[in-house]
Every structure is written in C-alpha cells, then in structure tokens.
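Structure first, commentary second.
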Amino acid sequence: MRASRIFAKAADTVVGLLVGAAAGFLLTGAAGAFSSFVLGRPLRADGTGAARAVLLAVPAVCAALGAAVAARRAGRGPDRQNRG
C-alpha cells in the first residue's frame, strides 16, 4: 500500500468517526426530545451513573461504528463503492 493510499484511508476513517459521533449525538437528542415532549418525562443525567453512561456511550459506539464502516469502504476500489 502506498503512503498516499494509507493517508486517504485514514482521512476516510476520521470522517467516518466524526459522522458517526454526530449521528450518536443526534440520536441522543432525538431520544431526549421524544421523552420530553411525547412521554412528558425529560431525561435526566443527574441521578445515577447509568443515565450518564448511556448518554456518553451512544455517541462513542456510533463513532466507532462510523469509523469501522468508513475504513471498510475506503479499502474498496472506486468501481465497487456505487453498487447496491
């Protein structure tokens, strides 16, 4: 693997990490809005450590998944990326 290809794969992986983290934050925000407006009970992270752990774990897991998917897709050639 050439250095430019490694750099391109690393850049794709970082973008996947950032997109996954953003999706995780969006997911936790949507869950909070749903809980607050539809259920009438806002999510609170000031009680036990479980709520805080979930609020931190969801974006972290989504970021890891985004990075893994981006790294896997970056290894493919341009002819295989647009196939369904």
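The values are calculated or read from the model by the stated rules, or taken from the named source; none is laboratory data. The structure presented is a predicted model; accordingly, all values stated were derived computationally and were not measured. FYI the Cβ positions are ideal-geometry reconstructions off the backbone, even for glycines, and counts take in every protein chain you see. Ligands, DNA and RNA are stripped out before the accessible areas are found, and what is left, the full protein with its side chains, is counted by its heavy atoms. Shrake-Rupley method; radii C 1.70, N 1.55, O 1.52, S 1.80 Å.
Worth a mention:
- Residues whose amide H falls under 5 Å from that of residue 43, counting only those 5 or more places apart or on a different chain, are 36, with hydrogens built in the peptide plane.
- Label point distance in nm, residue 2-residue 44, each placed 7 Å from Cα along Cα→Cβ: 6.0
- In the full protein context, region 1-62 carries 75 Å² of accessible surface per residue, based on a 1.4 Å probe and ignoring ligands, DNA and RNA.
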